[in-house]
1. Only Cα pairs under 8 Å and at least 6 apart count here; give the relative contact order of segment 54-103 as a rounded whole percent.
2. DSSP loop trypsin sites (Lys or Arg not before Pro) in segment 41-121 with at most 15 other Cβ atoms within 10 Å of their Cβ, which ones?
3. So what is the diffusion coefficient of segment 49-93 in µm² per second by Stokes-Einstein at 10 °C and 1.306 mPa s, using a Kirkwood Rh over Cα pairs?
4. Using a Förster distance of 35 angstrom, determine the FRET efficiency expected from the C-beta separation of MET61 and SER84, and round it to 0.05.
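Just so you know, all these numbers are worked out from the coordinates, no wet-lab data involved. Remember, predicted model here, so these are calculated numbers, not experimental data. Neighbour counts run over all protein chains shown; Cβ positions are idealised from the backbone, glycine included.
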Amino acid sequence: GIGATIAISTFITTIPFPSPQSSEEIASTIPATDLGSVNGFVISSDGLTVDGTSVVADKKMGFANSADKNGGYSDSAITESGGSYALHDLPSGVYKFTVTYPDGIIQTIDNYAVWPSSSSSYVFEAN
């Protein structure tokens, strides 16, 4: 009972965990040939471009041939005048995009593939 619980909690507290790396540290260790980029626009429901919108890319997992097969990488951008955004040097893999409009509406896109040595474009349109 109690002795086992104490032993387990003592064991858990003595396991050294590496400090997590920042996204910049992760990207700096990946060959440039394994990085991709995504750019595009954010458009409102009435068809106008939206500036000041947050676009966040969270890597969920790498591909079988990715240099970094792990998830955990994240990058973000704020749309500029004209509603444009650009995310460069993303490690290849599968991403979830979260778009937060200035009025607080949140839109997500799951399972977006970022391919190595390539650039893709995505237009986010409010519903």
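1. Contact order relative to length: 49 percent.
2. Details: sites: LYS59, LYS60, LYS69, LYS96; in loops: LYS69.
Here the trypsin sites (Lys or Arg not before Pro) that fit, given the DSSP loop and packing criteria, are LYS69.
3. Diffusion coefficient, whole number: 138 µm²/s.
4. 0.80
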